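Have a look at the structure below, then the notes.
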Amino acid sequence: MDFLETHDVMRLNAAQGWLGLGNHLEANEELEKITPAMRSHPDVLEVRYEIYAKAKRWEACVDIAAAIIKLAPDRPDAWINRSFALHELKRTQEAFDNLLPVADKFPKVWRIPYNLACYCAQLGRLDECQAWFKKAMAVDEQTVQRVALDDPDLKPLWDSMSTTVWKHTA
């Protein structure tokens, strides 16, 4: 894989800075100034994904993440991002099916079992959801707890647990 030239790295950093400031339009302008041959570099595509995600252009996000997977299959975020975009398009089963094959490939990435848990919750597969959630907790308990509390995708899991607790205490 080719390395980005210094001027392209500066543009990429500027785009990331604009994203950090919440301005995906300026970020996109910076990416457009990158050498055309380098716009398909995985580092550039990752920022492009973030820009399109901010704009909620999920179909494009699926395509961008798929391109990153093809160029750099060892980047777990590409797999996670493609499935997230599919989920946002209400293609949750497809999101699950695309992420599942890499769960064992990246065992230290908590976001993979976590997202699989979310997809299972949304698909009504709560036992499977709990199993994936436990795997995510085993990787990074503090982060998973913090993120999970406010995640609407896990609401079916929390609802089922409160119903179970209520039934056992009543």
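Here the Karplus relation 6.51 cos²θ - 1.76 cosθ + 1.60, evaluated at θ = phi - 60°, turns the backbone of the stretch 59-69 into coupling constants of 4, 5, 4, 4, 5, 5, 5, 4, 5, 5, 4 Hz, with x for every Gly and Pro. Computed from backbone phi with θ = phi - 60° and the Karplus coefficients 6.51, -1.76 and 1.60, the 3J(HN,Hα) list for the stretch 122-135 is 5, 8, x, 9, 6, 5, 5, 4, 4, 5, 5, 4, 4, 5 Hz; x is used for glycine and proline.
Diffusion of the chain by Stokes-Einstein, at 10 °C in a medium of 1.306 mPa s and with Rh set to the Kirkwood radius over alpha-carbon pairs, works out to 92 µm²/s. Summed over qualifying helices (DSSP H, 4 residues or more, each -39500 (n - 2.57)) and divided by its residue number, the chain shows a 222 nm mean residue ellipticity of -22000 deg cm²/dmol.
Please work out, to two decimal places, the log10 of the ratio I(q)/I(0) at q = 0.13, 0.14, 0.16, 0.21 Å⁻¹ from a Debye calculation in which every Cα of the stretch 79-155 carries one identical scatterer. For the requested q values the scattering log ratios are -0.31, -0.37, -0.49, -0.87.
Spin-label model, LEU123 to ASN13: label points 7 Å out along the Cα-to-beta-carbon direction sit 4.3 nm apart.
In order along the stretch 27-43, phi translates into HN-Hα couplings of 4, 5, 4, 5, 5, 5, 8, 6, 3, x, 5, 9, 5, 9, 5, x, 5 Hz, rounded to whole numbers, per the Karplus curve 6.51 cos²θ - 1.76 cosθ + 1.60 with θ = phi - 60° and x for Gly and Pro. Note on ASP151 and GLU94: the extension gain reaches 18.5 nm, defined as 0.36 nm multiplied by sequence separation minus the Cα-Cα distance.
A short reminder: the numbers here are calculations on the coordinates, not readings from a lab. Given the structure is predicted, the values throughout are model-derived calculations rather than measurements. Here Cβ is always computed from backbone atoms with ideal geometry, including for glycine, and neighbour counts include all displayed protein chains.
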